[in-house]
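Working notes, beginning with the structure itself.
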Amino acid sequence: MVEPFRFRVNQHGPAGSPVREPFAAAEPKPGWVRLELKAMALNRLDLWTTGGLPGFPLPLPLTPGSDGAGVIEAVGEGTVLPPGLEAGSSAMIAPGLSCGVCPACLRGDDMLCPTYGILGHACDGTAATHVLVPAANLLPIPQNWDFEQAAAFPLVFLTAWEMLVHKAALRPGETVLVWGGGSGVGSAAIQLVKALGGSAIAVVGSEAKAMRCWDLGAEHVLVRDELKALAAKVRELTGKRGVEVVFEHTGATTWNTSLAVCARGGRIVTCGATTGRETTFDLRTLFAKQIQIRGSYMGRREHLWTLLALLKRNPTNPPFRPVIERVFGLAEYPEAQRHLEAGQGFGKVVCRVP
Ligand SMILES: [Zn+2]
């Protein structure tokens, strides 16, 4: 039995700077549970929480980590658990936190709640042996999945589903350009596009990553070099039409190429800006091509249940699954952060809890 420990961001610093400390996990309050974590997965958000974001002060000290899976160890007094779960059950965590009673929450748009926050950003997260979460944030683990897969699933699949289904309203037969096909959210998007009847053109940084995108069901894979040549290639692949949907999360560097390759009446959906957050573009392209641009941030918690229902239909050959690049031990969490920041891998970086 390992003494409980967690990682803390005491002050903002570079990737890998969170400090390990022992802690005694509190008893859950009513409506909350304590999970003994078995695995956690990293996201870009772990790096933002660690490094700090200008204009978004965080309640430091803070334990990062938004994704996790484990065993329900303690349940707050009078707490009702979601269907299929009881004390001692294995469960994974939906990372979004909201009030549950405001108009946005009541209509199901929990990510539009004025108090919306993400585990490991708004409150202590999963870079720990134990975590406290609202019972409403628990979900059963899909059949035949281990804790590592369960931990690697919620944030990126929820984000990709919201972008493709609800923001882009992807229709069968449409083509989607997926930037960063080797990232956690990109690898989720490629699989969901296929499951939804669309075809994905994935963009990756290397030949090795290209092979992995084929395996996930991408229709075409482009190894990123010069952006003008890439845009020409996309036009060629789509019969000069361009793609109906651009799945953006890369930001400044790729933004104008996204506009260039978007078909007339197409949609650009973005959830990130890893290469830079400021850009300029020609408004004439926007109106002449009648392009819609939509921002997206996480997604409705309810839709994780939708994804579970889709997985349940075919547990032996699921239509999508998280891609895990590398598994560290939780004690190596700082190293896992540095590895994620280097961005050389394909898929999710996970920490197994001893
Ligand atoms: Zn609310």
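Taking the Cα centre of the stretch 225-342 as reference, the dipole from Cβ charges on Lys and Arg (+1) and Asp and Glu (-1) amounts to some 660 debye. If a spin label sat at a point 7 angstrom from the Cα of Val165 along the line to its beta carbon, no backbone N atom of the stretch 104-139 would be nearer than 11 Å.
Could you work out the relative contact order of the stretch 1-146? I mean the mean sequence separation of Cα pairs under 8 Å and 6+ apart, divided by the number of residues, in percent.
Values: 331 pairs, mean separation 44.4, N = 146.
Computed value for the stretch 1-146: 30 percent relative contact order.
The relative contact order of the stretch 158-295 comes to 22 percent, based on Cα pairs under 8 Å that sit 6 or more residues apart. Note on Leu106/Leu81: beta-carbon distance plugged into 1/(1 + (r/R0)^6) with R0 of 35 Å gives a FRET efficiency of 0.95. Could you state the angle between the C-alpha long axis of helix 227-237 and the longest principal axis of the C-alpha atoms of the chain, as a value from 0 to 90 degrees rounded to the nearest 10? Long axis of 227-237 versus the principal axis of the chain: about 80 degrees. Can you tally the net charge around Pro61? Count Lys and Arg as +1, Asp and Glu as -1, for every other residue whose Cβ sits under 14 Å from the Cβ of Pro61. Net charge around Pro61: +1. Among Arg241, Arg264, the order by Cβ neighbours within 10 angstrom, fewest to most, reads Arg264, Arg241.
Once the piece of chain linking Asn256 and Glu226 is laid out straight, how much longer is it, given 0.36 nm per residue of separation minus the C-alpha distance between them?
Numbers: separation 30, 0.36 × 30 = 10.80 nm, distance 1.30 nm.
Additional length available on full extension: 9.5 nm.
Using R₀ = 35 Å, calculate the FRET efficiency as 1/(1 + (r/R₀)^6) where r is the Cβ-Cβ separation of Phe56 and Asn314; round to 0.05. FRET efficiency, Phe56 to Asn314: 0.30.
Rank by packing, highest mean first: peptides 151-158, 249-256, with packing defined as the count of other Cβ atoms within 10 Å averaged across residues. Please report the intermediate quantities before stating the final value.
Details: 151-158: 28.5, 249-256: 19.8.
Highest-to-lowest ranking by the protection proxy: 151-158, 249-256.
Computed on the chain, with alpha-carbon pairs under 8 angstrom and 6+ residues apart, the relative contact order is 19 percent.
The listed peptides 226-232, 182-188, ordered by packing as a protection proxy, come out as 182-188, 226-232 (highest mean of other Cβ atoms within 10 Å first).
Using 0.36 nm per residue and subtracting the Cα-Cα separation, the extra length available between Lys233 and Phe281 on full extension is 15.2 nm.
Only lysine pairs 8 or more places apart or on separate chains count here, and in the chain those with Cα atoms under 22 Å apart total 16.
Mind ranking 57-69, 327-339, 101-113, 275-287 by how tightly packed they are, going by the mean number of other C-beta atoms within 10 angstrom, highest first?
Details: 57-69: 21.8, 327-339: 18.8, 101-113: 15.3, 275-287: 11.2.
So the order, starting with the most tightly packed, is 57-69, 327-339, 101-113, 275-287.
Note on Lys29 and Ser206: their simple-model spin labels are 4.7 nm apart, each label 7 Å out from Cα toward Cβ.
Values in this text are rule-based calculations from the coordinates and carry no lab data. Keep in mind that this is a model prediction, so the values were computed, not measured. Glycine gets a Cβ as well: all are built from the backbone with ideal geometry, and neighbour counts include every protein chain shown.
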